[in-house]
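Right, one structure below, let's go through it.
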Amino acid sequence: MALHFRHPPTRVLLYLCACVFVALAQTTELSNATPKTAKRKPSSLQAYSAAQVVAAISLQDFGSHVVRYGQLSGTDSVSAVFVQVNKDREVTCITAISLPDGKVLWQRGQPHKRNFRTTGDIPVQVHDWNGDGFDDVIYYDSRDIVVLSGSDGAVIGSVPSEEPYSLYIYPTNQFGGPPGLILHGRSFNALLAPDLSVVWRVTNGFSHFPMSVDVDYDGEPELLAGYVLLTSRGQTIWNKRQLGIHNDAASYGDVTCDGAIEIAIATSGKGALLSTAGDVLWRGDENHAQHITIGSFSANTCERQIATMDRDKEISGILRMYDARGRILWKSSGHGNRAMLSRIDNWIADTPTSLLLVSRSFSAPPTLYDGSGKLVARLPFPPALRHENGEAKYSFHFAQHFDLNKDGQEEILISNEDALWIYTNTNPSIGMLGGKTSQSLPNPRICNSTFYTGMQ
Ligand SMILES: [Ca+2]
Ligand SMILES: [Ca+2]
Ligand SMILES: [Ca+2]
Ligand SMILES: [Ca+2]
């Protein structure tokens, strides 16, 4: 049975009304102070986007920069899990709420508003670890890797562990079905079996988040951990540490439309496109490539394009789009030095091309662009009440997207420490050929959430 949006319960109704009012009010306000991109002619896709707030959920005292999504109560419902941490990155509180009504399902630890902030990944993911049909919460609690039952938050497994920087659900076939768990540390990677025993451990340099990709097409995904490509048994295939400071984000796909996969890496320097053999095909123009994503951003070619987010110190947050050969198709003005990038495929259903979602800009709300850089939508997200020099400022916020109600279109979920906003596109399907795969849960992007979006 499909999940349908319901009227929110009374306790959040006033908050919802206030937020929608603020959102609508800010839409008007923003139109007076919009950056240059908003003055462009409407793109054809803009006509098919009508962002509407479905819910605005108060996070009370349990809000956090760290949020994960999953089906904690079974396959017909979606929940959000907020993870608070202290200044030492120790998890202090985990709160699960149902969506879109915001009801608290369970909570472990003591919530406190001061523990909303983090500046890096936190080792926590949501996945059905014990295979009972309910997603579970897997995290590091400063001593152990712990698995909590998603349905009630009870501990269903734990094992002492060294500290990982992030966790990665690794879809290896070596356990006969269930995935493994990668402990992605600052200087090591380790594979844990479904019983949480260590299968292998290797040392390597720091990177933000690993990525699995089947480079030899045998059905078993290899693991890109930093600049090291590993077999699923932990053996090194190649090491490309000469690419730069570290692997900030990675993405893969058949960019050149020849049936062979390429790998794109943001390197804290110039972006790079590699063959699966590790050959560098081209480098980009970035000063500090932070995010990178391969997508089908043009309907005119079967080749794919590559978008990057550059943390240049002077004009930070520049978006660039490259063709398969590494030629720049366009670049944007700066979105700010904390801006994040994600590819979204199904905001407009049945469109053959992907869109870019730019979020965490301090000077503009989360914004969608098409593959030519034209504005598609600005989400009605209210600025925080923080002003400098009279300008509207946006709080730290984080964007995620998937098909929440299984209708073929993705919803966009934006959270800051105070609230979670859910947006949907109320326009009907564009009806073009070549619609893409639905992004409802479960999906590998959502069960491997990270700040450092690329494959995300
Ligand atoms: Ca489970
Ligand atoms: Ca393989
Ligand atoms: Ca290719
Ligand atoms: Ca939907």
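The values are calculated or read from the model by the stated rules, or taken from the named source; none is laboratory data. Treat the numbers as computed from the prediction; the structure is a model and nothing was measured. Cβ placement follows ideal geometry from the backbone for every residue including glycine, while neighbour counts extend to all protein chains displayed.
Which of the residues spanning segment 330-342 are without any contact (Cβ under 8 Å) to a residue 60 or more places away in the chain and either surrounded by 20 or more Cβ atoms within 10 Å (Cβ to Cβ) or in a strand (DSSP E or B) (or both)?
First pass over segment 330-342, keeping only residues without any contact (Cβ under 8 Å) to a residue 60 or more places away in the chain: 330-331, 334-339.
Result: 330, 331, 335, 339.
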Query raised in the report: Quick one: would you say residue 98 is modelled with pLDDT of 95 or more, among the hydroxyl-bearing types (Ser, Thr, Tyr) and surrounded by fewer than 19 Cβ atoms within 10 Å (Cβ to Cβ)?
Result: yes
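Do any strands (runs of 3 or more DSSP E) entirely within segment 85-133 hold 3 or more residues that are closer than 19 Å to residue 446 by Cβ and either of a type in the set (Val, Ile, Thr) or under 22 Å from the mean Cα position of the chain (by Cα) (or both), and if so, which?
Working: elements: 91-99, 104-109, 124-127.
Output list reads 91-99, 124-127.
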Query raised in the report: In this structure, is residue 82 outside any strand (DSSP E or B), more than 16 Å from ligand 4 (Cβ to nearest atom) and buried (at least 17 other Cβ atoms within 10 Å of the Cβ)?
Result: no
Query raised in the report: Condition test on residue 78, is it of a type outside the set (Ser, Thr, Tyr), within 16 Å of ligand 1 (Cβ to nearest atom) and farther than 15 Å from residue 147 by Cα?
Result: yes
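Which of the residues belonging to segment 300-311 are more than 16 Å from ligand 3 (Cβ to nearest atom) and in contact with a strand residue (DSSP E or B) (Cβ under 6 Å, 6 or more places away or on another chain)? Steps first, please.
So in segment 300-311, the residues more than 16 Å from ligand 3 (Cβ to nearest atom) come out as 300, 307-311.
Of everything in segment 300-311, those that are more than 16 Å from ligand 3 (Cβ to nearest atom) and in contact with a strand residue (DSSP E or B) (Cβ under 6 Å, 6 or more places away or on another chain) turn out to be 307, 308, 309, 310, 311.
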Report task. Kindly establish whether residue 137 is of a type in the set (A, V, I, L, M), away from ligand 3 (no atom under 16 Å from the Cβ), without any contact (Cβ under 8 Å) to a residue 60 or more places away in the chain and closer than 20 Å to residue 155 by Cα. Result -> no
Query raised in the report: Can you tell me how many residues in segment 247-264 are touching a residue at least 60 places away in the same chain (Cβ under 8 Å) and either buried (at least 21 other Cβ atoms within 10 Å of the Cβ) or within 23 Å of the chain's Cα centre (by Cα) (or both)?
Result: 7
Query - Identity of the residue in segment 343-368, touching a Ser or Thr at 6+ places or on another chain (Cβ under 8 Å) and in a strand (DSSP E or B), that ends up farthest from residue 52 (Cα to Cα) - result: 343
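Report whether or not residue 286 is more than 20 Å from residue 400 (Cβ to Cβ), of a type in the set (D, E, K, R) and buried (at least 21 other Cβ atoms within 10 Å of the Cβ).
Working: more than 20 Å from residue 400 (Cβ to Cβ): yes; of a type in the set (D, E, K, R): yes; buried (at least 21 other Cβ atoms within 10 Å of the Cβ): yes.
So residue 286 fits the description; yes.
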Requested in this report: Please find, within segment 61-74, the residue that is surrounded by the most Cβ atoms within 10 Å (Cβ to Cβ) out of those that are more than 19 Å from residue 449 (Cα to Cα) and modelled with pLDDT under 95.
Outcome: 73
Query raised in the report: Conditions: (1) out of contact with any Leu (no Cβ under 6 Å at 6 or more places or on another chain); (2) small (Gly, Ala, Ser); (3) surrounded by 17 or more Cβ atoms within 10 Å (Cβ to Cβ). Residue 150 meets all but one. Number of the miss?
Result: (1)
Query raised in the report: What are the pairs, 6+ residues apart or on separate chains, where a residue within segment 219-230 that is over 13 Å from residue 263 (Cβ atoms) has its Cβ under 7 Å from a residue that is buried (at least 24 other Cβ atoms within 10 Å of the Cβ)?
Result: 230/223
Report summary line: Within segment 241-253, restricting to residues that are assigned to a loop (DSSP other than H, G, I, E, B) and touching a strand residue (DSSP E or B) at 6+ places or on another chain (Cβ under 7 Å), the one that is nearest to ligand 2 (Cβ to nearest atom) is 247
